[in-house]
1. Check residue 3 against each of (1) buried (at least 16 other Cβ atoms within 10 Å of the Cβ); (2) without any contact (Cβ under 8 Å) to a residue 40 or more places away in the chain; (3) among the aromatic types (Phe, Trp, Tyr) and name the one condition it does not meet.
2. When you scan the stretch 7-28, how many residues do you find that are over 16 Å from the mean Cα position of the chain (by Cα) and among the β-branched types (Val, Ile, Thr)?
3. Tell me, please, whether a residue that is within 17 Å of the chain's Cα centre (by Cα), farther than 18 Å from residue 110 by Cβ and buried (at least 23 other Cβ atoms within 10 Å of the Cβ) can be found in the stretch 40-54.
4. Can you go through 112, 58 and tell me which one is assigned to a loop (DSSP other than H, G, I, E, B) and either under 17 Å from residue 9 (Cα atoms) or aliphatic (A, V, I, L, M) (or both)?
5. Only one of (1) more than 14 Å from the chain's Cα centre (by Cα); (2) touching a residue at least 40 places away in the same chain (Cβ under 8 Å); (3) crowded, with 20+ Cβ neighbours inside 10 Å is not met by residue 57, so which one is it?
6. List every residue pair whose Cβ atoms sit under 6 Å apart, with the two residues 6 or more apart in sequence or on different chains, where the first one lies in the stretch 61-79 and is over 11 Å from residue 39 (Cα atoms) and the second, anywhere, is open to solvent by 70 Å² or more (accessible area, probe 1.4 Å) and polar (S, T, N, Q).
7. Considering only residues that are closer than 21 Å to residue 30 by Cβ and loosely packed, with under 13 Cβ neighbours inside 10 Å, which ones fall in the stretch 106-124?
8. When only residues in the stretch 12-39 that are free of Cβ contacts under 8 Å to residues at least 12 places away in the same chain and not in a loop (DSSP other than H, G, I, E, B) count, which is least open to solvent (accessible area, probe 1.4 Å)?
Amino acid sequence: MNWLYVMLGAMVGAPLRYLTDRAVQFRHDSVFPWGTFTVNVTGSLVLGLLTGAAAAGAADSRLQLLLGTGLCGALTTYSTFSYETLRLAGTGARGYAAANVVVSVAAGLGAAFAGAALAEAVWG
């Protein structure tokens, strides 16, 4: 039955990822992949919050499967991040490629830590 929670979360996460990516990219006239950056940082924040809530006993395993594995797994995208970074480097935008790596990793980790800290403040 666990697969059902993952599937339901992914059914929301995948279209949310696509729609968010398109909406953000539409608003930015830049080669920088702001859409992918946005979904990855948002997913990191949600996963950090969920992890902190689980550690405090406020989120059970079903919620972790639904939101963590399902929603965040489908919302975030390491493959697109990698592809866009390689594409930037391949088209001569090496500065943007390097910035994508550094800023995405730093912001993702920061968001995950912020989510965990928020969970600790609320449920800790």
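1. So the condition that residue 3 fails would be (1).
2. 0
3. No, that holds for no residue.
4. 58
5. The failed condition is (3).
6. Close Cβ pairs (under 6 Å, with a partner that is open to solvent by 70 Å² or more (accessible area, probe 1.4 Å) and polar (S, T, N, Q)) amount to 65/2.
7. Scanning the stretch 106-124 gives a single hit, 106.
8. 25
The values are calculated or read from the model by the stated rules, or taken from the named source; none is laboratory data. Keep in mind it's a predicted model, so treat the numbers as computed, not measured. Glycine also receives a Cβ, built like all others from the backbone with ideal geometry; neighbour counts cover every protein chain displayed. What goes into the accessible areas is simple: the full protein's heavy atoms, side chains included, and nothing from ligands, DNA or RNA. Shrake-Rupley method; radii C 1.70, N 1.55, O 1.52, S 1.80 Å.
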